[in-house]
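Worksheet for the structure shown next.
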Amino acid sequence: MADLDSSVKYLKGVGPKRAELFAKLGINTVRDLIYHLPRSYIDFTSPVPIASAVLDEVNIVEAEVVAKERPAMIRRGMTIYRLLATDGSDDLTVTIFNSQYMFDSLKVGEKYIFCGKVSGNLTRREMSSPTVLKSTDKDRIQPLYPLTAGLTQNILRNCMKSALACASSEKTETLPESLVKKCRLMPESEALQKIHFPAEREDVFPARRRLAFDELLTLRLGMMRLRERSRSLTAYPMKKTDLDGFVSALPFRLTGAQTRAISECMADMEKPVPMNRLILGDVGSGKTAVAAACCYMAAKNGVQSVLMAPTEILAQQHYASLKAFLEPSGVKVGLLTGSLTKKKKAEISEAASKGEYDVIVGTHALFQESAGYGRLGLVITDEQHRFGVAQRSALAKKGQDPHRLVMSATPIPRTLALMIYGELDISVLDELPKGRKKVETYAVTGKLRSRACAFVRKELDAGGQAYVVCPAVEEGAADVKNATAYAEELENGEFSGYRIGLLHGQLQPAKKEEVMRRFKDGEIDVLVCTTVVEVGVDVPNATVIMVENADRFGLSQLHQLRGRVGRGSRSSYCILITDNPSSESRKRLKILCSTSDGFEISEADLELRGPGNFFGSAQHGLPPLKIADLAADTELVSLAQEAAELIGEKLSLPEFSALRKRVDSLFSGGEI
């Protein structure tokens, strides 16, 4: 018998050819197979009488086969097989297409349970292409698995039974009994059996809970392992720094949240191991000022800092802010971007390598081989999820284990932040600077679109600028405004006579930069765009943002979009337009109109959007989760985090050897 780490080809019923099909599903070993979990189930436990079957819907009926018709070939390659079944009161005609094997396996005089869509009328009932189970079969709840061409549900179920037989002969439990009891978990072997072949529907929930817990615990321990890996000694431990000179030069007063975050960063930078901290803040919460304080401390300790932004225009914006915050205190700031001439890049790189700049702001040009630094002790990345790991690592390697600070303007619940950014310490900016005006937000139906456009024109005539956001770029669903066509429509209609710009993700990077620069410089009145403007750039003169088909966006995404306005001294507005009149849509948009707290909105977004939709398929670069859902399983996320903290350094003990092996293999496909 194969063991769990054997190739799946050695499993009964598989073999080399079928193993190639399993490989397409990412199944290479027997262990991979038992963790290939059902996507849903067919419940054969409660069949209905044929007379009670609902027409044109899927029904489960139990009936005895009483007659078979002669097969009929209706055209080349298509044979129809029909049989008659009865439950003693009513008859059902069952039609099978192109499967002589299935037709032959159904015996006259035997009872079966049929699952399929029932058609016909009150006197004649038919079912086509049913799923069939013998009445004597004890597995009345049948799993449905993700498949690939060449594999059927029956093949996969039979192979799964063989795999579970292997698992039953091995010790699969990865947790000590004390932890299983403490967390009220089902034993792992029982969970695997019941997730695949539950005796009752109620068995699935505790089985899924156990396996999801394992996945989240492994992820959290893996994140802790990554965190420890970054705890090598830094070449740049810093001395306590007096920030009075920096704070007094700022044109505003720091919030309590900013002061707290700065203190946390300074405490980290005084340690012999590198700071590895995330500043998690809402739109406009003042993350750049926190970054500036860290740069000031680094400069006063004689080391350089770099701040990397995902786009050139955002880099220029950070450069202007840091220059204003730091140069009055004697900290020199430079800018290094891809659009500079080769000569200018070389000049700045040489000056940086000689230590003539204390802070360098830029884009990917910062980590090119030609870019050198004298004593690089602090690396800051903005909107870090937009950079690949290789880019962040390349920049960090420019120094000797420098301190790292990452910033994100995506407010998410702290519990989830700990899981997603688990290798980082987290500072939350949950307080907006005083004087920042609330963006007045209105949700209206498409019937008021003309009135909304008239309001936008009024703002334009008063000297402001506007964003118009669409969810699609190219022609798609008829009810979704697409940016390209809508820009033309507005230019020839509601905004005739105004300067219209178009910005979307399919434009070349240089073109995007040019359009955004022209809008920032006031050369464009109305920017029609997709969510490419969601983060980053400040255009203080933009006073209104109008979002088409607002019901197509998540609340957190709408909140990010709203943050594009309200950056100047004038009153600003956000108009959310929807042609979806449903109560759910109204409820969601009402939340956005009633609060400007990004963290409160993210909690509501999690609750309303449900599993899988909050983060999207990328899961923020985490290893793919097979069963757990970070958005839906918040109770399990907390439980797994508590368990991970309890295990901590004990992971090296023999009792955790199986769990340790799972953690070690978590990122084997590549570091995150």
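The values are calculated or read from the model by the stated rules, or taken from the named source; none is laboratory data. These numbers come from a predicted model, not from an experiment. With ideal geometry, Cβ positions are generated from the backbone for all residues, glycine too; neighbour counts draw on all protein chains shown.
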Inset, instruction - Go through the stretch 485-600 and tell me which helices (runs of 4 or more DSSP H), entirely inside it, have 3 or more residues that are within 24 Å of the chain's Cα centre (by Cα) and either in contact (Cβ under 8 Å) with a residue 24 or more places away in the chain or outside the structural domain of residue 382 (by TED's automatic domain parsing) (or both). - result: 555-562, 583-594
Legend entry - Flag if residue 589 is modelled with pLDDT of 85 or more and within 18 Å of residue 314 (Cα to Cα): no
Legend entry - residue 646 buried (at least 17 other Cβ atoms within 10 Å of the Cβ) and assigned to a helix (DSSP H, G or I): no
Inset, instruction - Look at the stretch 96-105 and say how many of its residues are over 43 Å from the mean Cα position of the chain (by Cα) and either farther than 22 Å from residue 141 by Cα or modelled with pLDDT of 95 or more (or both). - result: 4
Legend entry - Boolean, residue 511 is out of contact with any helix residue (DSSP H, G or I) (no Cβ under 6 Å at 6 or more places or on another chain), under 27 Å from residue 319 (Cβ atoms) and surrounded by fewer than 19 Cβ atoms within 10 Å (Cβ to Cβ): yes
Inset, instruction - State whether one or more residues within the stretch 139-152 are in a helix (DSSP H, G or I) and surrounded by fewer than 18 Cβ atoms within 10 Å (Cβ to Cβ). - result: no
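Every residue, every condition in (1) out of contact with any His (no Cβ under 8 Å at 6 or more places or on another chain); (2) modelled with pLDDT of 90 or more; (3) under 30 Å from residue 424 (Cα atoms); (4) not β-branched (Val, Ile, Thr), yes or no:
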| residue | (1), (2), (3), (4) |
| --- | --- |
| 138 | yes, no, no, yes |
| 144 | yes, yes, no, yes |
| 164 | no, yes, no, yes |
| 188 | yes, yes, no, yes |
| 194 | yes, yes, no, yes |
| 229 | yes, no, yes, yes |
| 236 | no, no, yes, yes |
| 241 | yes, yes, yes, no |
Legend entry - In the stretch 397-409, residue surrounded by the most Cβ atoms within 10 Å (Cβ to Cβ) [restricted to those that are outside any strand (DSSP E or B) and at pLDDT 70 or above]: 402
Inset, instruction - Can you tell me which residue among 128, 169 is surrounded by fewer than 14 Cβ atoms within 10 Å (Cβ to Cβ) and polar (S, T, N, Q)? - result: 169
Inset, instruction - Could you check, for the stretch 460-480, whether at least one of its residues is among the hydroxyl-bearing types (Ser, Thr, Tyr) and modelled with pLDDT of 85 or more? - result: yes
Inset, instruction - Determine which member of the set 137, 203 is in contact with a helix residue (DSSP H, G or I) (Cβ under 9 Å, 6 or more places away or on another chain), among the charged types (D, E, K, R) and at negative phi. - result: 203
Inset, instruction - Inspect the stretch 637-646 for any residue being at pLDDT 75 or above and farther than 24 Å from residue 205 by Cα and give the result as yes or no. - result: yes
Inset, instruction - May I ask you to verify whether residue 266 is of a type in the set (A, V, I, L, M), part of a helix (DSSP H, G or I) and farther than 16 Å from residue 380 by Cβ? - result: no
Inset, instruction - Could you run through the stretch 289-322 and say how many residues are in contact with a helix residue (DSSP H, G or I) (Cβ under 8 Å, 6 or more places away or on another chain) and buried (at least 20 other Cβ atoms within 10 Å of the Cβ)? - result: 22
Inset, instruction - For residue 92, indicate whether it is touching a Lys or Arg at 6+ places or on another chain (Cβ under 8 Å), in a loop (DSSP other than H, G, I, E, B) and surrounded by 13 or more Cβ atoms within 10 Å (Cβ to Cβ). - result: no
Legend entry - Filter result for residue 265 (within 33 Å of the chain's Cα centre (by Cα) and surrounded by 24 or more Cβ atoms within 10 Å (Cβ to Cβ)): no
Inset, instruction - Quickly run through the stretch 413-439 and pick out the residues that are in a loop (DSSP other than H, G, I, E, B), out of contact with any Cys (no Cβ under 9 Å at 6 or more places or on another chain) and modelled with pLDDT of 70 or more. - result: 424, 430, 431, 432, 433, 434, 436, 437, 438
